[in-house]
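Data first, discussion second: the structure below is written as structure tokens.
The values are calculated or read from the model by the stated rules, or taken from the named source; none is laboratory data. Just so it is clear, the structure is predicted and the values come from calculations on it, not from any experiment. Here Cβ is always computed from backbone atoms with ideal geometry, including for glycine, and neighbour counts include all displayed protein chains.
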Amino acid sequence: MSNIKIPYNKACLVGNELEYMTQAVQNQHISGDGPFTRKCHAFLEEFLGIPKALLTTSCTHALELMAFLLKIQPGDEVIMPSFTFVSTVNAFVNRGARPVFVDIRPDTLNLDETRLEGLITPRIKAIIAVHYAGVSCAMDAILEIAGRHHIPVVEDNAHGLFGKYKGKLLGTFGCLATQSFHETKNITCGEGGALLINDPQYIERAEILREKGTNRSRFFRGLVDKYTWVDQGSSYLPSDILAGFLYAQFENYQKIQERRRTIWDYYYAHLGEWAEKVGARLPFIPAECEHPAHIFYLLLPSLEYRQSLIEHLKSREILSVFHYLPLHISDMGRKFGGKVGDCPVTEAVSDRLLRLPLYYDLSQADQDQVLEAIYSHRDLS
């Protein structure tokens, strides 16, 4: 995309990323669970106040670990929103489970908690709360419903690091949660993720599964005199080179968050009048939620309007992007019984949502170009 001057996303260097990557090589420990990985674990555990955090090669792998830990089996069912990334569903489908898709709320675009009760059967083994754009699901209601039915709640918090619900950090509500450090996320190492463990009963087995099904972690702590194969598992450890990059970003998280919030707030302050005029909608943040400025989206009047605006922005060398296609009416979703009309809010939102450029190095001058391009758009649909 050489003709794009303002991309949707751009990774940033904010501190000692390159220095720490070099240090990882000099430490002669560039495989997993080296010094920088341990620093990242400590940061997440201290910041979030959780018993254990484990870095993974991606949020996808963290989700797979989660499904392992919940002992999901063929024939089990898992409730999740249709409006989410495919990794959320694949983690459970790969274990033989059937997804039960629930529609989203029209305001926050999160799982509609009022629909949960009617979906619960004895086959439901987990409820997946996906915090879209880092804005919290209605966790009180979700946890209350799940608690009455003795169903574990887990959080797909790929968007939500530093977000809060009623003053409590996201990723700390479910028994387990997952985090993403993909290049599109606020804090990144290119590709990476983490499993957040809030219930200590899962810690030992999580370490085993993450270490190819061996008790290697116990060996290195001196708890056994040799390590061996004791369970299922795979290799989910990221290189310590990537952990060095990630730790440098953790060191500067406040600077990153402040800049992203400034950009998000600037969009919000300068697009309200335009949105009202054209019949669009800006992101909705409930009073009890604090968002991490991960995504700034527009909900446009129609699919045709969205496509027209994308092309208009591209003609100004600005890249804007849509987001999730409804999982329930994808090719795979239909195999599980999904059909058009099952999740009407998801279907409508998917056609109309547009994400604007938002990254640490986005200057105000560039942001003003984005705004001017939006103002100058004339819908020809």
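Kindly provide the set of residues from segment 275-329 that are polar (S, T, N, Q) and either on the phi > 0 side of the Ramachandran plot or in contact (Cβ under 8 Å) with a residue 60 or more places away in the chain (or both), ordered by number.
Residues satisfying the conditions are S302, Q307, S308, S320.
Of the residues K125, K164, K168, which single one is in contact with an Asp or Glu (Cβ under 8 Å, 6 or more places away or on another chain), among the basic types (K, R), closer than 30 Å to W264 by Cα and outside the structural domain of F322 (by TED's automatic domain parsing)?
Values: K125 fails: closer than 30 Å to W264 by Cα; K168 fails: in contact with an Asp or Glu (Cβ under 8 Å, 6 or more places away or on another chain).
Just a single option satisfies the conditions, and that option is K164.
Can you tell which of V102, V89, V93, V78 is surrounded by fewer than 23 Cβ atoms within 10 Å (Cβ to Cβ), among the aliphatic types (A, V, I, L, M) and at pLDDT 95 or above? Full working, then the answer.
Values: V102 fails: surrounded by fewer than 23 Cβ atoms within 10 Å (Cβ to Cβ); V89 fails: surrounded by fewer than 23 Cβ atoms within 10 Å (Cβ to Cβ); V78 fails: surrounded by fewer than 23 Cβ atoms within 10 Å (Cβ to Cβ).
The unique qualifying residue is V93.
A quick yes/no check of all residues on (1) of a type in the set (S, T, N, Q); (2) more than 23 Å from L325 (Cβ to Cβ):
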position: P74; (1), (2): no, yes
position: I79; (1), (2): no, no
position: F83; (1), (2): no, no
position: N90; (1), (2): yes, no
position: V93; (1), (2): no, no
position: A97; (1), (2): no, no
position: P106; (1), (2): no, no
position: L109; (1), (2): no, no
position: I128; (1), (2): no, no
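Which of (1) in a loop (DSSP other than H, G, I, E, B); (2) over 26 Å from L319 (Cα atoms); (3) of a type in the set (A, V, I, L, M) is the odd one out, the single condition A177 does not satisfy?
So the condition that A177 fails would be (1).
Look at A133 and say whether it is under 19 Å from the mean Cα position of the chain (by Cα), modelled with pLDDT of 95 or more and assigned by TED's automatic domain parsing to the domain that holds Q73.
Against the criterion (under 19 Å from the mean Cα position of the chain (by Cα), modelled with pLDDT of 95 or more and assigned by TED's automatic domain parsing to the domain that holds Q73), A133 qualifies.
Taking segment 182-237 as the search range and keeping residues that are part of a helix (DSSP H, G or I) and more than 24 Å from D156 (Cα to Cα), which one is nearest to the chain's Cα centre (by Cα)?
In this case the residue turns out to be S217.
For segment 88-112, what are the residues that are out of contact with any strand residue (DSSP E or B) (no Cβ under 7 Å at 6 or more places or on another chain) and farther than 14 Å from Y132 by Cα? Reasoning before the result, please.
Narrowing segment 88-112 to residues out of contact with any strand residue (DSSP E or B) (no Cβ under 7 Å at 6 or more places or on another chain): 90-91, 94-96, 103, 105-109.
Once the filter is applied, which keeps residues that are out of contact with any strand residue (DSSP E or B) (no Cβ under 7 Å at 6 or more places or on another chain) and farther than 14 Å from Y132 by Cα, segment 88-112 yields N90, A91, N94, R95, G96.
Can you tell me which residues in segment 330-346 are assigned to a helix (DSSP H, G or I) and crowded, with 20+ Cβ neighbours inside 10 Å?
Across segment 330-346, the qualifying residues are G333, T346.
Tell me yes or no: at least one residue of segment 241-253 is part of a helix (DSSP H, G or I), more than 30 Å from G32 (Cα to Cα) and more than 19 Å from the chain's Cα centre (by Cα).
Step one: filter segment 241-253 for residues part of a helix (DSSP H, G or I), giving 241-251, 253.
So of that shortlist, the ones also more than 30 Å from G32 (Cα to Cα) come out as none.
Taking every residue of segment 241-253 in turn, none turns out to be part of a helix (DSSP H, G or I), more than 30 Å from G32 (Cα to Cα) and more than 19 Å from the chain's Cα centre (by Cα).
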